[in-house]
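Let me begin by presenting the structure, written as structure tokens, before commenting on it.
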Amino acid sequence: MDHASPMTRWLKGLALTLVVIFFMFPILWIVLMSFQTNETILRMPPSVVFTPTLENYQALITGKLVSSAGVLEIQFMRNLMNSVILSVCSVALSLLLGVPAAYAFARHKFRGSEDIAFTLLSFRFAPPLLVLLPLALYFQDLGLANTYIGLIWVYQLICLPLILWIVRGYFEDISPDVEHAYRLAGHSWFSTFRRIALPLAGPGIAAAGLLAFIFAWNNFVFALVLASADKQPVTVGALAFVTASGIQYGQIAAGIVLSIAPTLALALYAQRYLVEGLSLGAVKG
Amino acid sequence: MTERKPPAIEIDAVTKRFKTDVALDAVSLSVAEGETLALFGPSGAGKTVLLRVIAGLVEADAGRIRIGGRDMDDVPPEERGVGMAFQNFALFPHMSAFDNIASPLTARRQSGEALRAGVEKLATMLKIGHVLGQAPKALSNGQKQRTALARALAGGPRTLLLDDPLRNVDAKLRFEMRLELPRLLAREKATTIYVTQDYREAMALGDRIAVLEGGRVTQLGTPEEVYLAPATLSVARLFGDPAINTLKVTPQTDGQGPFVLLSDLRAPLDDGLSHAAGRPCVLGLRPEAVRFTEAGAPGAVAVTVEAETPLNEKTVTLVTTKRGREILVSRPAGTPGPAEGAAHIAVDSAHALLFDAETGARIAPRETTRRGAAA
């Protein structure tokens, strides 16, 4: 790399800059929009020069959307809270169920184990709408419609296969001899699972959990069908910004900024786990 | 050995198949208390599988394992009182060397000063005291191997299973450890099964050697027995470097006793081998059982010298007989060798081994009145 000519280095820098601009521009634009009023957003030609305002955030946080047609109640903060509850609980439940299952699939080849694992994965490629309509009817009968428990249960369709398959790969990468050695040292299989398998697959579990969290957070259609206003996450709640008097771009932008903030923060925090997870092979004993 | 105690480890007709491959075919062995059994064989012979069956890591399809007289059928690995060192070390990558070695002690709820003292004593003995705080990643292969060994020993196991622990360390360290290990094993007084693919290691470390080939024990005996009286041709081939010379022969016998023809000349065999006359056989000649001699000396065979390789402690010469059969001759380094070209060799009849050409089984000399007079 060091002996690349200045020209190549320059071109490489240019290409990287272009890629960064391509990906970051929409986010930057949204952030800028969130500090503007609808009027400044929609003026022609668009400009980056404006007087920043916090009224979008204020409207979201107080739940009072002031528009030309009057004051509208919105539940953005409640939606945000719902998103947090649904995603955190779904991922937690998935980890609780999926990590031991992944370990079983990785370490024990029993009759039909591949079939079961594959069936679980296949939940990921069925179109959600196909299962949603019958599910909605059942949920009505069972009283699960519009409950956190019902939604968290359905969210397992998103999180569980993801966690199961990613974590299984990490468990398979651990040399069985390392676990054997711990058992021969006199520890039970459960303590081996806890002290050897879990810590060694830790980065992978963190990565899988993070991915599952993002997928759960971004889910739209399950909550749209199965939840009413008070249980809806932000993805569905954002529909409220399309009002009779027009689309509230400023609030939408502020809503987006607030709703991507948790996942972004989590991804930044867990970045080192993701990288560690990818280089797990290098630390095998 | 004469005590009436039950053997420390008893392996009784253990069979293990992987799908259709037979890894272990009714293997039976017993190891006496305090004995070191070297389990030797080529790769793929089933040595590691057998070790794992003993440790309880692999379940056998048939047969039983008894340790200290107790049936191990339903005993999980952690309760078998077995210490094991793995070929790939299998250190816990997320723990320091200290915690690795301490793991058998923490399993017994040891902590504090007793634990520290136990680990440090072993570490000092194995010369890894200075790297105890480091992660396995930071250790050299030799230190990893010693850490793995210390971990296997830390619990003070009655049974020690060592799976080719010197395989992945460099030649110098392997040599050192080959000298050091017997002392260590004697001090630990554990019954040991030592798996190796290196016949020198097997001979240096084993009180007895079990030769495992294709999932079967083909010979069980002391190092001397296995080397000097191999049960089969393949066992003979596995021991010795350079490998044993094998020549297809049909022994004959006359008034002076049995012999084979090499370069149309008479090379005498042990007198007890007369009964092999006329049978198609394979003659096994260790390179050190052949020596150079003068033309006309008794049993001298004319050969052509082809090439000579000086090794450290010996010189190996490749010669061919009149019919073009190749024989390796070994002699201690520094002793005079043959001139280029024509030379004569003589076979040490007491150490010439005869195998049945068809079955590969060794044809043992029978007791005769004349035996011994020839030597």
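The values are calculated or read from the model by the stated rules, or taken from the named source; none is laboratory data. Computed from a prediction, not measured in an experiment: that's the story for all the values here. All Cβ positions, glycine included, derive from the backbone under ideal geometry; neighbour counts span all protein chains shown.
With B:Ala107, B:Ala114, B:Ala138 as the choices, which residue is on the phi < 0 side of the Ramachandran plot, more than 31 Å from the chain's Cα centre (by Cα) and buried (at least 18 other Cβ atoms within 10 Å of the Cβ)?
Only one candidate passes the filter, namely B:Ala107.
Taking B:Leu283, is it under 24 Å from B:Glu367 (Cα atoms), assigned to a strand (DSSP E or B) and in contact (Cβ under 8 Å) with a residue 40 or more places away in the chain?
Taking the combined requirement at face value, the residue satisfies it.
Quick check on this structure: which one of B:Ala90, B:Ala102, B:Ala38, B:Ala97 is crowded, with 24+ Cβ neighbours inside 10 Å, in contact with a strand residue (DSSP E or B) (Cβ under 6 Å, 6 or more places away or on another chain), under 26 Å from B:Lys144 (Cβ atoms) and among the hydrophobic types (A, V, I, L, M, F, W, C)?
B:Ala38
For residues that are surrounded by fewer than 22 Cβ atoms within 10 Å (Cβ to Cβ) and more than 19 Å from B:Glu59 (Cβ to Cβ), scanning just the range B:14-35, find the one that is nearest to the chain's Cα centre (by Cα).
In this case the residue turns out to be B:Glu35.
Applying the selection to the range A:215-228, what residues are surrounded by fewer than 19 Cβ atoms within 10 Å (Cβ to Cβ) and in a helix (DSSP H, G or I)?
Scanning the range A:215-228 gives A:Phe215, A:Asn218, A:Val221, A:Leu224, A:Val225.
Might you let me know whether the range B:190-199 holds any residue that is in a helix (DSSP H, G or I) and closer than 26 Å to B:Asp21 by Cα?
Yes, the range B:190-199 contains at least one residue that is in a helix (DSSP H, G or I) and closer than 26 Å to B:Asp21 by Cα.
When both residues are 6+ apart or on different chains and their Cβ atoms are under 7 Å apart, which pairs have a first residue that lies in the range B:40-68 and is more than 28 Å from B:Ser234 (Cα to Cα), and a second that is buried (at least 17 other Cβ atoms within 10 Å of the Cβ) and of a type in the set (S, T, N, Q)?
Partner pairs satisfying both residue conditions: B:Ile67/B:Thr159.
Limited to the range B:75-104, what total is found for residues that are modelled with pLDDT of 90 or more, within 7 Å of chain A (Cβ to nearest Cβ) and either over 24 Å from the mean Cα position of the chain (by Cα) or assigned to a loop (DSSP other than H, G, I, E, B) (or both)?
Count: 9.
Of the residues that make up the range A:165-179, is at least one surrounded by 23 or more Cβ atoms within 10 Å (Cβ to Cβ), farther than 27 Å from A:Met77 by Cα, away from every other protein chain (no Cβ under 14 Å) and not basic (Lys, Arg)?
For the range A:165-179, residues surrounded by 23 or more Cβ atoms within 10 Å (Cβ to Cβ), farther than 27 Å from A:Met77 by Cα, away from every other protein chain (no Cβ under 14 Å) and not basic (Lys, Arg): present.
Starting from the range B:208-220, keep only residues that are crowded, with 23+ Cβ neighbours inside 10 Å, then list their pairs with residues that are among the charged types (D, E, K, R) and not in a strand (DSSP E or B) whose Cβ atoms are within a distance under 7 Å, requiring at least 6 positions of separation or different chains.
Listed by first residue and then by second, the contacts come to B:Leu212/B:Lys47.
Within the range B:119-138, which residues are more than 10 Å from chain A (Cβ to nearest Cβ) and either part of a loop (DSSP other than H, G, I, E, B) or in contact (Cβ under 8 Å) with a residue 60 or more places away in the chain (or both)?
Correct list: B:Leu126, B:Lys127, B:Ile128, B:Leu132, B:Gly133, B:Gln134.
May I ask you to verify whether A:Ile196 is of a type in the set (A, V, I, L, M, F, W, C) and either more than 25 Å from the chain's Cα centre (by Cα) or at the interface with chain B (Cβ under 9 Å from one of its Cβ atoms) (or both)?
yes
Given the criteria away from chain A (no Cβ under 14 Å), part of a strand (DSSP E or B) and either in contact with a Ser or Thr (Cβ under 9 Å, 6 or more places away or on another chain) or over 20 Å from B:Ala190 (Cβ atoms) (or both), does B:Arg116 qualify?
Criteria not met by B:Arg116.
Could you list all residues from the range B:140-162 that are hydrophobic (A, V, I, L, M, F, W, C), at the interface with another protein chain (Cβ under 9 Å from one of its Cβ atoms) and in a helix (DSSP H, G or I)?
Those that are hydrophobic (A, V, I, L, M, F, W, C), at the interface with another protein chain (Cβ under 9 Å from one of its Cβ atoms) and in a helix (DSSP H, G or I): B:Ala148, B:Ala152, B:Ala154.
Those residues that are in contact (Cβ under 8 Å) with a residue 24 or more places away in the chain and in contact with an Asp or Glu (Cβ under 9 Å, 6 or more places away or on another chain), I need them from the range A:36-74; list them, please.
Residues satisfying the conditions are A:Thr37, A:Leu65.
Limited to the range B:235-279, what total is found for residues that are at positive phi and not in a strand (DSSP E or B)?
Qualifying residue count for the region: 4.
Somewhere in the range B:189-197, is a residue surrounded by fewer than 20 Cβ atoms within 10 Å (Cβ to Cβ) and under 30 Å from B:Thr359 (Cβ atoms)?
Yes: one or more hits.
Residues of the range B:23-74 being outside any strand (DSSP E or B) and within 14 Å of chain A (Cβ to nearest Cβ), which ones?
Answer for the range B:23-74, where residues must be outside any strand (DSSP E or B) and within 14 Å of chain A (Cβ to nearest Cβ): B:Thr48, B:Val49, B:Leu51, B:Arg52, B:Val53, B:Ile54, B:Ala55, B:Gly56, B:Leu57, B:Val58, B:Glu59, B:Met72.
Go through the range B:151-161 and give me each residue that's more than 19 Å from A:Glu179 (Cβ to Cβ) and not basic (Lys, Arg).
Matches in the range B:151-161: B:Leu153, B:Gly156, B:Thr159, B:Leu160.
Can you tell me which residue is modelled with the highest pLDDT among those in the range A:258-282 that are β-branched (Val, Ile, Thr) and out of contact with any helix residue (DSSP H, G or I) (no Cβ under 6 Å at 6 or more places or on another chain)?
A:Ile260
Provide a single number: the residues in the range B:243-264 that are touching a residue at least 24 places away in the same chain (Cβ under 8 Å) and surrounded by 16 or more Cβ atoms within 10 Å (Cβ to Cβ).
Residues in the range B:243-264 being touching a residue at least 24 places away in the same chain (Cβ under 8 Å) and surrounded by 16 or more Cβ atoms within 10 Å (Cβ to Cβ): 10 in total.
Which residue is surrounded by the fewest Cβ atoms within 10 Å (Cβ to Cβ), if the candidates are limited to the range B:289-312 and must be touching an Asp or Glu at 6+ places or on another chain (Cβ under 8 Å) and within 14 Å of B:Ala350 (Cβ to Cβ)?
Once the filter is applied, the top-ranked residue is B:Arg291.
If I filter the range B:338-361 down to residues being part of a helix (DSSP H, G or I) and either among the small types (Gly, Ala, Ser) or touching a Phe, Trp or Tyr at 6+ places or on another chain (Cβ under 8 Å) (or both), which single residue comes out as farthest from B:Glu294 (Cα to Cα)?
B:Ala350
Per-residue answers, yes or no, for (1) in the same structural domain as A:Gln251 (by TED's automatic domain parsing); (2) closer than 30 Å to A:Leu151 by Cα; (3) touching a Leu at 6+ places or on another chain (Cβ under 8 Å); (4) hydroxyl-bearing (Ser, Thr, Tyr):
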position: A:Glu55; (1), (2), (3), (4): no, no, no, no
position: A:Gln58; (1), (2), (3), (4): no, yes, no, no
position: A:Met81; (1), (2), (3), (4): yes, yes, no, no
position: A:Cys89; (1), (2), (3), (4): yes, yes, no, no
position: A:Ala101; (1), (2), (3), (4): yes, yes, yes, no
